[in-house]
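The block underneath contains the structure these notes are about, expressed in structure tokens.
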Amino acid sequence: MRADPTATVDSRVVYIISQLVPVKPEQILAEHRLREDLGMDSVSSMELLSMLAEELDLDVGVEDIADVHTVGATIALAKTFLAKKGA
Amino acid sequence: MLPRADEELVRPLLAQVSRFALESIDARAIDRASAIPQRVLAGMGELGLFGLTLPEEFGGSGCSLPVACSAVAELARADRSVAVTLGLHLGLGTRGLVALGTRAQHERYLPTLASGNCIAAFATTEPGAGSDLSALQTRALDDGTALVVNGQKIYVTNGGLAGLYTLAVSTPGLGGSARGQSLLLIERGDAGLRVEAEEHKLGLRGSSTTGLSLEEMRLPYSRVLGEAGGGARALGMILSWGRTLMSAGCCGAARVALEKTVAHVAERRQFGKPLAALEVVREQMARLTARAFAMEALVDEVSRESAETLLVRSLAAKVFSSESAWMVVDGAIQLHGGLGFIEDTGLAMMLRDVRITRIFEGANDVLLSHLGAGELLRATARTPLASSLVEGALASAAKDADALAAQVDSLRQSLHARFRVGVFRQPRWLHRLGRACMWREAIDASVRRAIRSGRTDEIAQVALLTQEARVEVAALASEPSARELVEQCLAQALPLPEVRA
Ligand SMILES: Cc1cc2nc3c(=O)[nH]c(=O)nc-3n(C[C@H](O)[C@H](O)[C@H](O)COP(=O)(O)OP(=O)(O)OC[C@H]3O[C@@H](n4cnc5c(N)ncnc54)[C@H](O)[C@@H]3O)c2cc1C
């Protein structure tokens, strides 16, 4: 199932995360760390960023994701690349 | 090379271990009894082997990882069960405690661990969490006065012998981590711990493997090892030590299988000449020799890495050495003919023993994908090997290694260009890139070792193996069998199961 394309970026990111971890979307907070708070490992957190780029059709490179460790940083990454796409 | 202090220590140590193994270890008897005699464990304790990497302050020898690897490899020549018992104790069993333990934890546990009076074990695997370590169900919940632990661990090496277990468990909420994992120190006598019966195994029969049941176990907070909720990160560091020690055991097993085979093919005559005079046998022997050389070069080099690089390079060492040990022992059996299949020869047991090394400490196929992912995230560039060398066989081997590295790099770049960050959802490509990296690491380490030794046979061994590596990496980089073709093959036997989102 894909994230609702009309939803806000924040809720689309949260929805994608909820597909990967057994946590309800309403319980996922911006300050949550992908590993310690959401129980992702290094592989699933990379997968998340992959899915995000695919869902939102973003041209994100491997070099862009080094510092993304929280839900908030994931949302910020999505917003930055959406803005780039729109520019 | 080992640091001088270690170098000076390691030679007499290996001589002692080798003498001890010759006099005290009967591998066939251990295999038949499915247990290591108490006097062997006591002898290892007297030699100081259980304290090899533990701090001197607490009765250990404070040796580095390469020294411990040398000792484990030496023991593996004699018996893999004994080597695994020690390797697990020095690696997964005590590495976390040494690196992350508090002063009080050190004082409580390290002296008896160093003497061998207490043996260490380590438990992550559960019935529902094997390769997927994020799925741990064993939980420690904070009830305000203590941690209450419930769950089950399986396949715990040293489980039946250990006095101290390091457990990875899920600790929701602990340390402010909503879904974090933590490491806990469990003592054999703790109420609520039940050590299950010994498993009957294909190989490594003398090595103890049991399950653990934890029922309403109440632990004081002082039993948390390292940062509460930070267990997942600590696991990486601990596993990288464990994998490297395990790889060293593979080297010992392969080397002794090869030595036996050299002796056999030299002596055994068929068609009016020794097997060693047959061209096909000679080529097989050259390939086995090259493998054994490369695994030793890689494991030795990796064991001297800093903690950070060890994390990734130990993956390459683990996969390459376990695959190579299997190949070398299998090749040894083949060249022994029917004799190889007979238990008295010792190779059959060795084959059974080494089989698990491709599965435990992380199944190879899982680790290859991690290695591939690590390669994509790698920040530092590789230094070419050929630039520092003049012409000759060595320069040519180094050039070939550089060409192999360029193949790997080109695969990495093409995957990134094609999939961008989406590459992390391409498991088959991550796996292929991981294999390519494994080859590069093995060949690079071998070239560097050959440069140091300057031996023409070693240079030739590297050259032979590099040819094999380049062919395989070229094949890996070509389009993999299309997913559709795979699915068509399995349409009847194994239709793709529904996967819960
Ligand atoms: C003798 C022995 C000693 C052990 N000692 C210990 C110990 O001391 N402590 C401890 O915690 N554990 C220990 N283990 C457990 C061991 O580490 C696990 O068996 C191993 O990690 C694999 O997990 P699994 O058995 O659940 O296999 P699964 O995870 O079920 O995997 C089965 C197979 O599926 C394939 N596979 C799975 N996932 C993937 C993937 N993502 N990509 C590609 N292929 C995949 C692989 O071929 C894998 O071998 C031991 C096991 C044995 C047999």
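The values are calculated or read from the model by the stated rules, or taken from the named source; none is laboratory data. Note that the coordinates shown come from a computational prediction; the quantities given were computed from them, not determined experimentally. Quick reminder, even Gly has a Cβ in these numbers, built from the backbone with ideal geometry, and neighbours come from all protein chains shown. All accessible areas refer to the heavy atoms of the entire protein, side chains included, with ligands and DNA or RNA removed. Shrake-Rupley method; radii C 1.70, N 1.55, O 1.52, S 1.80 Å.
Filtered by the rule that a residue be open to solvent by less than 30 Å² (accessible area, probe 1.4 Å), more than 14 Å from chain A (Cβ to nearest Cβ) and without any contact (Cβ under 8 Å) to a residue 40 or more places away in the chain, region B:157-192 gives B:I186, B:D190.
In summary, B:L245 fulfils each of the numbered conditions (1) within 16 Å of the ligand (Cβ to nearest atom); (2) open to solvent by 10 Å² or more (accessible area, probe 1.4 Å); (3) within 23 Å of B:S18 (Cα to Cα) with the single exception of condition (2). Of all the numbered requirements in (1) part of a helix (DSSP H, G or I); (2) in contact (Cβ under 8 Å) with a residue 60 or more places away in the chain, B:V148 misses one, and that requirement is (1). Residues considered: B:D300, B:D330. Of these, the only one that is surrounded by fewer than 24 Cβ atoms within 10 Å (Cβ to Cβ) and in contact with a Leu (Cβ under 7 Å, 6 or more places away or on another chain) is B:D330. Scanning region B:128-156 for residues that are away from chain A (no Cβ under 14 Å) and aliphatic (A, V, I, L, M) yields B:A140, B:L141, B:A146, B:L147, B:V148, B:V149, B:I154, B:V156. Assess whether B:A35 counts as being crowded, with 17+ Cβ neighbours inside 10 Å and not in a helix (DSSP H, G or I). Answer is yes for this residue. Put simply, of B:L86, B:L97 the only residue that is under 17 Å from B:Q38 (Cα atoms), more than 12 Å from the ligand (Cβ to nearest atom), in the same structural domain as B:A35 (by TED's automatic domain parsing) and touching a helix residue (DSSP H, G or I) at 6+ places or on another chain (Cβ under 7 Å) is B:L86.
So that you can scan it fast, the table gives a plain yes or no per residue for (1) touching a residue at least 24 places away in the same chain (Cβ under 8 Å); (2) within 16 Å of the ligand (Cβ to nearest atom):
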{"site": "B:A332", "(1), (2)": "yes, no"}
{"site": "B:G340", "(1), (2)": "no, no"}
{"site": "B:L351", "(1), (2)": "yes, yes"}
{"site": "B:N364", "(1), (2)": "yes, yes"}
{"site": "B:G372", "(1), (2)": "yes, yes"}
{"site": "B:L376", "(1), (2)": "yes, no"}
{"site": "B:A379", "(1), (2)": "no, no"}
{"site": "B:T383", "(1), (2)": "no, no"}
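When region B:135-151 is filtered for residues that are open to solvent by 20 Å² or more (accessible area, probe 1.4 Å) and either assigned by TED's automatic domain parsing to the domain that holds B:S34 or within 12 Å of the ligand (Cβ to nearest atom) (or both), only B:A135 remains.
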